[in-house]
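Heads up: the structure comes next, in structure tokens.
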Amino acid sequence: MPAPWHHQPSSDHPHTFSIGLHDVLTGPPHAGEPGESVLLRTDRGDIQALLHPAPAAQHGVIWVGGARGGFGRPGQGAYARLAEALRQESIASLQLCYRHPNVLPECALDILAGIASLQRDRVQCVVLVGHSFGGAVVITAGAVHEHVVGVVALAPQTYGARLAGRLAPRPLLVVHGKADTRLPYTCGVQIYDWAREPKQLVLYEGAEHRLDECAEALDQLLTQWIPATLRASVSP
């Protein structure tokens, strides 16, 4: 069995994260879900995931959903759709299903294990994408992992997102719908204000929390922003 992978942040970070990735196995199939079902075996429990591999990929994306867990389907199923599209640009993707939904530190650890699994396949740099609660998760994980080169927060919550100020010089993209009745778009504005440059805020008129109303525009935005950020690959 391969030696476990551990992530320990610098001592000046206010939180302590530690997870060991022991193995990556083929998992049970998920009906109707594109991608290869895999199981990340960690010292904190198993993480279900969907892998969208790209041959010889050096760039990757990790996608996570909201507080209820699962594989997340904002933007009319944007994650799976975009993951398949990005494969054409030699970008691998991993959709993660949280071990403990709505427990922010554990969910952030899931992302760190996901990054480790992509690194085993020689992926060098990663963009993190999270929706709703997942926006705070990707900001937290992005602030502590040196191989994260960009973070996308879709309709994010403010709770747990103050580490946005520690992402720089990695870019942060915040997207919110102005008709969001679950988390008002002012949440996205607040996170944008906490962050330092480089940062970008995109607000969609008439879009609700799941961003289904702006799915086409969201696809266009992310298929440009993610590859451009990965190509830049400026790690802190």
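Brief remarks follow.
- Residue check for residue 38: part of a loop (DSSP other than H, G, I, E, B), more than 18 Å from residue 137 (Cα to Cα), among the aliphatic types (A, V, I, L, M) and more than 13 Å from the chain's Cα centre (by Cα): no
- Among the residues of segment 19-45, just one is surrounded by fewer than 15 Cβ atoms within 10 Å (Cβ to Cβ), touching a residue at least 40 places away in the same chain (Cβ under 8 Å) and either among the basic types (Lys, Arg) or under 21 Å from residue 145 (Cβ atoms) (or both), namely 45.
- Single condition residue 181 does not satisfy, out of (1) outside any loop (DSSP other than H, G, I, E, B); (2) more than 16 Å from residue 108 (Cβ to Cβ); (3) polar (S, T, N, Q): (1)
- Test: residue 217 is in a helix (DSSP H, G or I) and either surrounded by 21 or more Cβ atoms within 10 Å (Cβ to Cβ) or modelled with pLDDT of 95 or more (or both): yes
- Residue 217 of a type in the set (A, V, I, L, M), in contact with an Asp or Glu (Cβ under 8 Å, 6 or more places away or on another chain) and closer than 22 Å to residue 79 by Cα: no
- Check on residue 116, more than 8 Å from the chain's Cα centre (by Cα), buried (at least 24 other Cβ atoms within 10 Å of the Cβ) and over 17 Å from residue 70 (Cβ atoms): no
- Check on residue 203, farther than 20 Å from residue 140 by Cα, out of contact with any Gly (no Cβ under 8 Å at 6 or more places or on another chain) and either among the charged types (D, E, K, R) or touching a residue at least 24 places away in the same chain (Cβ under 8 Å) (or both): no
Yes or no, residue by residue, for (1) at negative phi; (2) out of contact with any strand residue (DSSP E or B) (no Cβ under 7 Å at 6 or more places or on another chain):
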site: 54; (1), (2): yes, no
site: 60; (1), (2): yes, no
site: 66; (1), (2): yes, no
site: 70; (1), (2): no, no
site: 79; (1), (2): yes, no
site: 82; (1), (2): yes, yes
site: 85; (1), (2): yes, yes
site: 95; (1), (2): yes, no
site: 100; (1), (2): yes, yes
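- Residue check for residue 75: surrounded by 24 or more Cβ atoms within 10 Å (Cβ to Cβ) and touching an Asp or Glu at 6+ places or on another chain (Cβ under 8 Å): yes
- Taken over segment 200-227, residues that are under 23 Å from residue 88 (Cα atoms), in contact with a strand residue (DSSP E or B) (Cβ under 9 Å, 6 or more places away or on another chain) and of a type in the set (A, V, I, L, M) amount to 5.
- Across segment 119-136, the qualifying residues are those that are under 26 Å from residue 215 (Cα atoms), of a type outside the set (A, V, I, L, M, F, W, C) and outside any strand (DSSP E or B), and the one among them that is farthest from the chain's Cα centre (by Cα) is 132.
- Enumeration of residues in segment 16-35 that are more than 19 Å from the chain's Cα centre (by Cα) and at pLDDT below 80: 16, 27, 28, 29, 30, 31, 32
- Residue in segment 196-203 that is in a loop (DSSP other than H, G, I, E, B), out of contact with any Lys or Arg (no Cβ under 9 Å at 6 or more places or on another chain), of a type outside the set (Val, Ile, Thr) and more than 17 Å from residue 134 (Cβ to Cβ) present: yes
The values are calculated or read from the model by the stated rules, or taken from the named source; none is laboratory data. Keep in mind that what you see is a predicted model, and the values were worked out from it rather than measured. Note that each Cβ is placed from the backbone with ideal geometry, even for glycine, and that neighbours are counted across all protein chains shown.
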